[in-house]
Each structure stands twice: as C-alpha cells, then as structure tokens.
1. Output yes when any residue across region 130-153 is without any contact (Cβ under 8 Å) to a residue 40 or more places away in the chain, crowded, with 21+ Cβ neighbours inside 10 Å and over 17 Å from LYS231 (Cβ atoms), and no when none is.
2. Go through region 87-101 and count every residue that is surrounded by 17 or more Cβ atoms within 10 Å (Cβ to Cβ) and not acidic (Asp, Glu).
3. Taking GLN54 and the conditions (1) under 26 Å from SER219 (Cβ atoms); (2) away from the ligand (no atom under 16 Å from the Cβ); (3) open to solvent by 30 Å² or more (accessible area, probe 1.4 Å); (4) in a helix (DSSP H, G or I), which numbered condition does it fall short on, given that it satisfies the others?
4. Can you report the number of residues in region 165-178 which are within 20 Å of PHE212 (Cα to Cα) and either among the hydrophobic types (A, V, I, L, M, F, W, C) or crowded, with 23+ Cβ neighbours inside 10 Å (or both)?
5. For a quick check of your reading: which helices (runs of 4 or more DSSP H) sit entirely within region 88-178 and have at least 3 residues that are farther than 23 Å from GLN300 by Cα?
6. For region 220-236, enumerate the residues that are more than 6 Å from the ligand (Cβ to nearest atom) and open to solvent by 30 Å² or more (accessible area, probe 1.4 Å).
7. Just wondering, is there one or more residues in region 83-94 that are in contact with a Pro (Cβ under 8 Å, 6 or more places away or on another chain) and farther than 17 Å from GLN54 by Cβ?
8. What's the number of the condition ALA250 fails, among (1) closer than 24 Å to ARG194 by Cβ; (2) part of a loop (DSSP other than H, G, I, E, B)?
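The values are calculated or read from the model by the stated rules, or taken from the named source; none is laboratory data. Just so it is clear, the structure is predicted and the values come from calculations on it, not from any experiment. Note that each Cβ is placed from the backbone with ideal geometry, even for glycine, and that neighbours are counted across all protein chains shown. Heavy atoms of the whole protein, side chains included, go into the accessibility calculation; ligands, DNA and RNA do not. Shrake-Rupley method; radii C 1.70, N 1.55, O 1.52, S 1.80 Å.
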Amino acid sequence: MYAQMVKSEGKRPGEALSPEEQAFQDRIDAGERIEPRDWMPEGYRKTLIRQIGQHAHSEIVGQLPEGNWITRAPTLERKAILLAKVQDEAGHGLYLYSAAETLGESRDEMTQKLLDGRMKYSSIFNYPTLTWADIGAIGWLVDGAAIMNQVPLQRTSYGPYARAMVRICKEESFHQRQGYHIMMKMARGTDAQREMAQDALNRFWYPSLMMFGPSDKESVHSAQNMAWKIKINTNDELRQKFVDQTVPQAEFLGLTVPDETLCWNEEKGGYDFAEPDWNEFFEVLKGNGPCNAERIGARQKAWDDGAWFRDGLSAYADKQQARRMAAE
Ligand code: BYC
C-alpha cells in the first residue's frame with residue numbers, strides 16, 4: 001500500500017502501519033471523510049493544523065496588500081467591490097480557523113504561532129501593491145492560483161476543511177473575475193494604463209508561481225499528504241495547470257508573460273516555462289521578503305489593539321458561567 005511506503009510522522013519509510021493506522025488509511029483509500037471525533041494519527045492531525053492554519057493566516061494577511069488600495073480605488077464602484085472582496089477574505093480566514101479548531105488548537109494559539117514565526121502564511125503576501133493594476137493582478141493571478149490549488153481541496157479527506165473549501169472556492173471565482181476585469185480595463189485603456197498592467201504582470205508572475213510551493217523534488221510534505229488525501233495534486237502539477245490556463249488569458253489581454261523561454265510543448269500538451277527563483281522563495285519564507293516585517297507588524301498591532309476586546313469577551317463569558325453555576 002502507498003501509505004506504507006511513505007514517511008508518516010514518527011515512522012521510517014517502509015515501516016509497517018499499526019492496525020489502527022491501517023484501518024484509518026483504509027477509510028481514506030475508500031474515499032471516506034474523516035470527522036473531528038474520529039480516531040486519527042497524530043501526524044495527520046498535526047499536518048492538518050499546519051496546513052489549514054497556514055491557509056487561514058494567508059487569508060487574513062492577504063487582506064493587507066489589497067486593503068492598501070481601498071481608500072484609493074479609482075471609482076466608488078471599484079471601492080465597493082474591493083471592500084466586499086477584502087471582507088470575503090476575512091470570512092475565509094474565519095471558516096478556516098474554525099476548521100482548524102476542530103483539531104484541538106485554538107485560534108489564539110495559532111495566532112501566537114504566526115506572530116512568533118512558528119507558523120507561516122503564503123509567500124505571495126510579502127510583495128507590495130504599488131499601483132492600482134496590482135489589485136487587478138492579485139485578483140487575476142493570485143486568486144487564480146488559489147482556485148487552482150483549492151478546487152481539488154474540496155475533495156480533501158478532512159470533512160470540516162473540505163466543506164469550508166466549497167464556499168471559499170465560489171467566492172474566489174468572483175475574486176478572480178473582478179481582478180481580470182480590472183486588467184481588461186487597464187490593458188485596453190491609455191498607454192500609461194497598459195504599461196501599469198504589464199508592470200503588474202511582470203512583478204506578480206513569478207511570485208504567483210511560487211504560491212504552489214517548492215518543486216516536487218524539494219517538497220517535504222507532498223508524499224505523506226497525498227497518501228492521506230490532505231493534498232490532491234503535487235505542487236508541480238498545479239503550477240503547470242496554472243500556467244496553461246493563464247498564458248492564453250494574458251494573450252487575450254495583449255500582455256506579455258515575462259518569460260522568454262515560454263513556449264507550447266505539443267508533446268506534453270502544456271507550456272514549457274521558466275522556474276521561479278527558488279532562492280528568493282526560501283528567503284521570503286525565512287522572513288526576508290520585501291514586506292514580511294510590515295505584514296507581521298500589522299498583525300501584531302491588530303492583536304495588541306484587540307486585547308481590551310478579548311478581555312471583555314472573556315470577562316463576560318466568566319460572568320455568564322458563574323451565573324449558570326449559581327442557578328444550578
Ligand atoms: N508560502 O512540503 P511542501 C489565498 C512551505 S491564500 C509559504 O510542498 P505542503 C488568498 C510549506 O508550508 C493562499 N510557505 O508543503 C488570500 C513547508 O513548510 P513547513 C494560501 C510555503 O504543505 C487572500 C515548506 O514550504 N493557500 O489564496 O505539502 C487574498 C515545504 O513545502 C509555500 C493555501 O494555504 C508558500 N507559497 O504544500 C487572495 C492552500 N509553499 O510548513 C488570495 C493550502 C510551501 O513544513 N495549502 N511552503 O514549515 C497547500 O495546499 C499546501 O500547504 C501548499 C504547500 C501547496 C501551500
């Protein structure tokens with residue numbers, strides 16, 4: 001069985017599964033959903049908290065680069081649309097934190113881990129949004145990459161995560177379209193607008209390719225996570241699909257993908273394309289991207305500013321509980 005050949009937490013490759021682990025793997029192989037009260041291996045629980053928590057943090061941190069343009073959106077209509085999109089991202093974060101909490105880790109614990117660097121968020125949000133066209137590029141490319149990654153996650157083995165993804169994917173489709181609509185307006189506008197659109201594509205292309213994670217040979221979690229159906233496709237498979245879908249969209253806009261090596265490969269039925277700079281990716285993961293400090297600074301400030309509110313909620317909950325106990 002595939003799962004017996006891959007590394008699971010605390011096991012060496014090839015090491016046999018315990019009867020409980022085997023029964024769990026059989027349920028996964030049969031396409032059953034795992035629910036919060038079901039028995040699960042500790043490694044499955046931990047890796048889900050890692051992935052769902054990282055995903056939740058990405059949605060919340062992802063509000064920052066777009067929020068930067070709410071006050072400067074070019075029209076009232078664009079402002080209303082952008083506000084709605086940024087609010088959607090907050091909602092996605094909340095569904096995902098709730099899904100992760102079913103695995104026994106609180107949102108506060110996950111937030112602490114984000115703030116002290118023990119948990120990650122998507123590398124893409126460490127890049128700045130310098131012009132209005134960047135808001136178009138984020139919707140088109142970043143939400144486009146997110147959809148490519150998240151549609152298969154609707155079939156992931158953990159029930160609460162899979163169900164959260166259904167609504168998230170519907171909303172991401174709207175986000176992608178609004179971004180492409182901005183790009184169409186810009187690409188068909190004045191010369192200056194077209195240049196802004198091209199510049200945004202130039203800056204966001206490679207960071208978008210990085211969203212899918214390191215190449216398959218560098219990916220540490222893929223094999224086990226695919227056996228557990230936490231992950232449905234490999235990083236490289238999804239990156240290829242994204243490029244194949246996006247290049248014709250760029251052509252339709254009359255924009256040029258910033259990759260001189262890009263060409264259609266008839267044999268594989270997909271594009272050959274240049275890899276992103278993986279050194280840059282790993283530097284961003286280490287905290288050395290252009291906006292890492294700013295993003296974590298903003299989350300730390302939000303956490304500190306919210307202390308009085310959390311204290312108020314806890315005091316109220318304690319009071320309610322004391323009343324209930326007195327009445328019993
Ligand atoms: N950024 O073994 P690998 C959104 C880490 S939100 C940062 O391949 P895995 C949106 C990885 O965590 C988009 N870190 O890992 C929101 C691991 O390090 P650790 C977020 C990355 O988990 C607002 C190491 O590299 N989407 O779309 O098998 C507005 C080795 O990687 C990244 C999700 O989170 C990265 N890009 O695969 C607009 C989707 N890539 O944890 C849009 C759910 C890799 O061992 N997540 N790393 O220290 C996944 O599907 C998977 O976790 C990944 C990575 C494909 C991202």
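1. Checked region 130-153: at least one residue is without any contact (Cβ under 8 Å) to a residue 40 or more places away in the chain, crowded, with 21+ Cβ neighbours inside 10 Å and over 17 Å from LYS231 (Cβ atoms).
2. 7
3. The one condition GLN54 does not meet is (2).
4. 6
5. In region 88-178, 132-137, 143-153 are the helices (runs of 4 or more DSSP H) which contain 3 or more residues that are farther than 23 Å from GLN300 by Cα.
6. Listed by number, the residues that qualify are ALA223, MET226, LYS229, ILE232, ASN233, ASP236.
7. For region 83-94, residues in contact with a Pro (Cβ under 8 Å, 6 or more places away or on another chain) and farther than 17 Å from GLN54 by Cβ: absent.
8. Only one criterion is unmet by ALA250, namely (2).
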